[in-house]
Amino acid sequence: IPRGLRTTEGDDDTHGNVRQFGDVAVLESGATLWHTHAPQPMAAILDALARDGRPLPDLVLADHGWAGCASRRGIETVCFADSNDPALFLGEEEGTVTVTVPLDDHVVDARDYHPMTAYLLAAAGLAG
């Protein structure tokens, strides 16, 4: 992701800097990472990569608008979605999303998802 990439105000009033840590992109504003349903951060990433002549990702793992944006642009997308956020499940049904993993993204302790993470990594052949 190009340094200094910013996103405009999203559908949910979020905006800020798009940062990359390893292979993970996040939305940051004021030294805080933001949870957003908006597609604008992913659109900013994909537009910047295309503008710079850099390859688009082969696979995106994301939730909410980030996943929706990537999948609508034809990028293979695996997403995580709350059951009360039906758009990504519908995207899987219509074939624009590769797979949607149901979960609760408001879980307080991320360790509750260690078993699911281990399963997904093993199924993808990425277990260490």
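Under a 5 Å amide H to amide H cut-off, with H placed in plane at 1.01 Å, what residues pair with Gly16 once short-range neighbours are removed?
Distant-sequence amide H within range of Gly16: Thr7.
Counting alpha carbon pairs within less than 8 Å and at least 6 residues apart, what relative contact order, in whole percent, applies to the chain?
15
Residue-wise, which Karplus ³J(HN,Hα) couplings in Hz belong to segment 79-87, taking 6.51 cos²θ - 1.76 cosθ + 1.60, θ = phi - 60°, and x for glycine or proline?
10, 10, 8, 6, 5, 8, 10, x, 4
Amide H neighbours of Val97 under 5 Å, counting only residues 5+ apart in sequence or on other chains, H built in-plane at 1.01 Å?
Glu92
Summing Lys, Arg as +1 and Asp, Glu as -1, what charge do residues with Cβ under 14 Å from the Cβ of Ile1 carry, Ile1 excluded?
+1
Of all DSSP beta bridges in the chain, what percent run antiparallel (nearest 5)?
50
If you build a Gaussian network model of the chain, linking Cα atoms that sit under 10 Å apart, which residue out of Thr36, Thr100, Thr117 swings the most?
Per the Cα network of the chain with a 10 Å cutoff, Thr117 tops the list.
Per the helix-only calculation at 222 nm, which mean residue ellipticity applies to the chain, given -39500 (n - 2.57) for every DSSP H run of n ≥ 4 and division by its residues, nearest 500 deg cm²/dmol?
On the way: 4 runs with 39 residues, N = 128.
Estimated from H runs of four or more residues: -9000 deg cm²/dmol.
Taking amide H positions as placed 1.01 Å from N in the peptide plane, with prolines and chain starts having none, which residues 5 or more places from Phe80, or on another chain, fall under 5 Å of its amide H?
Ala62, Asp63, His64, Val101
By how many nm would the segment from Thr117 to Glu93 lengthen if fully extended, with 0.36 nm per residue of separation less the alpha-carbon distance? List each step's numbers first, then the result.
Values: separation 24, 0.36 × 24 = 8.64 nm, distance 2.32 nm.
This chain segment gains 6.3 nm when fully extended.
No lab work stands behind these numbers, since they all come straight from the coordinates. The structure displayed is predicted, hence computed values, not measured ones. Note that we place each Cβ from the backbone using ideal geometry, even for glycine, and neighbour counts take in every protein chain shown.
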